[in-house]
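Okay, structure first, notes after.
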Amino acid sequence: KMQSPLIVRQHNADTNKDEYYTYDSAEFADKVRDNVSIFLQKVNLDISMEDFSLLPVKGKKVVVNCFGRKIDANIGIYKITGNQELLNILYQSGLGSRRSVGHGKWCNVTICMVYKYALELKVYTNNLIKLRGGKKWVSIL
């Protein structure tokens, strides 16, 4: 679930123009992957994006004011998949563009269901679920 609007953009360096994408755009998923890939390159992290995806479950378009301009953004519930290391980085830093002004913050709403199933299956491993508590990651199992 997005806690702040997700901004997905593509910057054209030749024309110095930005194009913004909403959840109902055909290129939305590809542009999110591009934004994450650019972020990982900028922070010099070599993390696999092979199984990363972000799919809208219940998306909504919103218009936000960012740096004095009105731009298209997205809120709602999204299915985010990927390896644990990548998801932890994205949880801490945010998704998409304009993260430095607070956009792209998300939370995991299925964690209680996963915890419930882990207890039913009697799977007790410290690496199953991690929650953010303060500035540290703590295990709940």
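Within 13 Å of the chain's Cα centre (by Cα), at pLDDT 85 or above and open to solvent by 70 Å² or more (accessible area, probe 1.4 Å): does that describe L86?
No; evaluated as a whole, the condition is false for this residue.
Just one of Q10, Q41, Q92 is outside any loop (DSSP other than H, G, I, E, B) and closer than 21 Å to C107 by Cβ; which is it? If you could, list the steps in order and put the result at the bottom.
On the way: Q10 fails: closer than 21 Å to C107 by Cβ; Q41 fails: closer than 21 Å to C107 by Cβ.
Going through Q10, Q41, Q92 in turn, the sole match is Q92.
I'm checking my understanding of the structure. Among residues of segment 5-48 that are open to solvent by 70 Å² or more (accessible area, probe 1.4 Å) and small (G, A, S), which one is farthest from the chain's Cα centre (by Cα)?
A13
When you check I75 against the structure, is it out of contact with any Gly (no Cβ under 7 Å at 6 or more places or on another chain) and within 16 Å of C107 (Cβ to Cβ), yes or no? Walk me through how you get there before you give the answer.
Values: out of contact with any Gly (no Cβ under 7 Å at 6 or more places or on another chain): yes; within 16 Å of C107 (Cβ to Cβ): yes.
So I75 fits the description; yes.
Being assigned to a strand (DSSP E or B) and either at pLDDT below 85 or open to solvent by less than 90 Å² (accessible area, probe 1.4 Å) (or both) is the filter here, so list the residues in segment 64-78 that pass it. It would help to see each step written out before you state the result.
To start, the set of residues in segment 64-78 that are assigned to a strand (DSSP E or B) comprises 64-66, 69-78.
Hits for segment 64-78 are V64, C66, I71, D72, A73, N74, I75, G76, I77, Y78.
The values are calculated or read from the model by the stated rules, or taken from the named source; none is laboratory data. Just so we're clear, the structure is a prediction, and the values are computed from it rather than from any experiment. Note that each Cβ is placed from the backbone with ideal geometry, even for glycine, and that neighbours are counted across all protein chains shown. Only protein heavy atoms, including side chains, enter the accessible area calculation; ligands, DNA and RNA are left aside. Shrake-Rupley method; radii C 1.70, N 1.55, O 1.52, S 1.80 Å.
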